[in-house]
Each structure stands twice: as structure tokens, then as C-alpha cells.
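One structure below.
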Amino acid sequence: MKQIFVDTNAWIALNNRKDQWHCLSIKMNKELLLKGYRYITTNFVLDETYTCLLMKVGHFTAVNFGEGIRSSRLIHVVPITVDIEEEAWKLFKQYTDKHFSFTDCTSFIVMRRLALTKAFTNDHHFEQIGFTIDFSLLG
């Protein structure tokens, strides 16, 4: 089964009708699912997403999103372990010229460990580190 990493930006766009990327993310989601992709994300990405949805859309949407994640068979949530955190910390310190968030760094490490090359996101930091972002391909 093909896999793609799903970042916070995509989750928010999919769940916030007011997001500028909402319509595009819906199209991209349908295309990825039709192509048989399984989604990979992390607990850190979900933490960011829950908080952002709570602030931008409300509690109901954040909880509804979380329940959907927990019941989905097409989404695998990778827990960020201490060793992933340590490796991400090294990466975070290394890139003094970039504005990678720490969560981005944990995502990069997970993607490398799982040999994933594509991310469903509009965050160009993924491109800066060498991954392909599929979010923009429909735009």
C-alpha cells in the first residue's frame, strides 16, 4: 500500500471550511484516497492540529476530527519516542538558517525512518529538507 505523510496544514485545511486551502485539500484528499494511499501522521502533528482546530473552528470540530482519526483504518499515527525526539533535536539545532518547527523536525525524522518521500501539506519546509509536497500539485 502506498503511504503519504500528512502534516498539520493538510489536516487543518481539510477540517476548516474557512481555510484558504480547504477546497484544494478536499480535492487532494479524494485523489490520494482513490489512488490507494494510506496516511501516516504523528501524535505531535495531531497535537498541533487539535489545538489549532480548537482555536480556529471550535471544540466540536477538534473533537470530531480526533474521533475520526482514532476510528480510521487508513491513518497510522506514529508516536514520537524519546529517540525520535533526540534525533529531531539534533536536526532542529543543525538548521540555523531555517524556521523548521520542532514538530516539523520530528516529522522529517519519521518520514526518513519510514522511507516516505511525499507529504500532504503546503508547508514548504518539507521541500527545503528534500521531500515532495503533493498538496500543491492540484493548484
Electrostatic dipole magnitude of the chain [Cβ: Lys, Arg +1; Asp, Glu -1; Cα centre; debye, to 20]: 540 debye
Give me the mean projected area, in nm² to one decimal, of the convex hull enclosing the Cα positions of region 2-134. 7.9 nm²
Kindly point out which whole DSSP H helices in the chain project their C-alpha atoms 24 angstrom or further along the helix axis while averaging a Kyte-Doolittle hydropathy of 1.0 or above. none
Additional length obtainable on full extension of the chain from residue 128 to residue 71, 0.36 nm per residue less Cα span: 17.2 nm
I need the per residue convex hull volume for region 1-78, using only the alpha carbons, in cubic angstrom as a whole number. 77 Å³
Taking placed amide H atoms and a strict 5 Å upper bound, the residues 5 or more places from residue 133 or on another chain that come that close are 119
Mind checking the full-extension length gain between residue 56 and residue 94? Use 0.36 nm per residue of separation minus the Cα-Cα distance, one decimal, nm. 10.5 nm
Long-range amide H contacts for residue 38: which residues qualify at under 5 Å (H placed 1.01 Å from N, peptide plane, sequence gap of 5 or more or a different chain)? 2, 3, 4
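Rule-based calculations on the coordinates, nothing more; no lab input. Here the structure is a predicted model, which is why all the values come from computation and not from measurement. Every residue, glycine among them, receives a Cβ derived from its backbone with ideal geometry; neighbour counts consider all protein chains shown.
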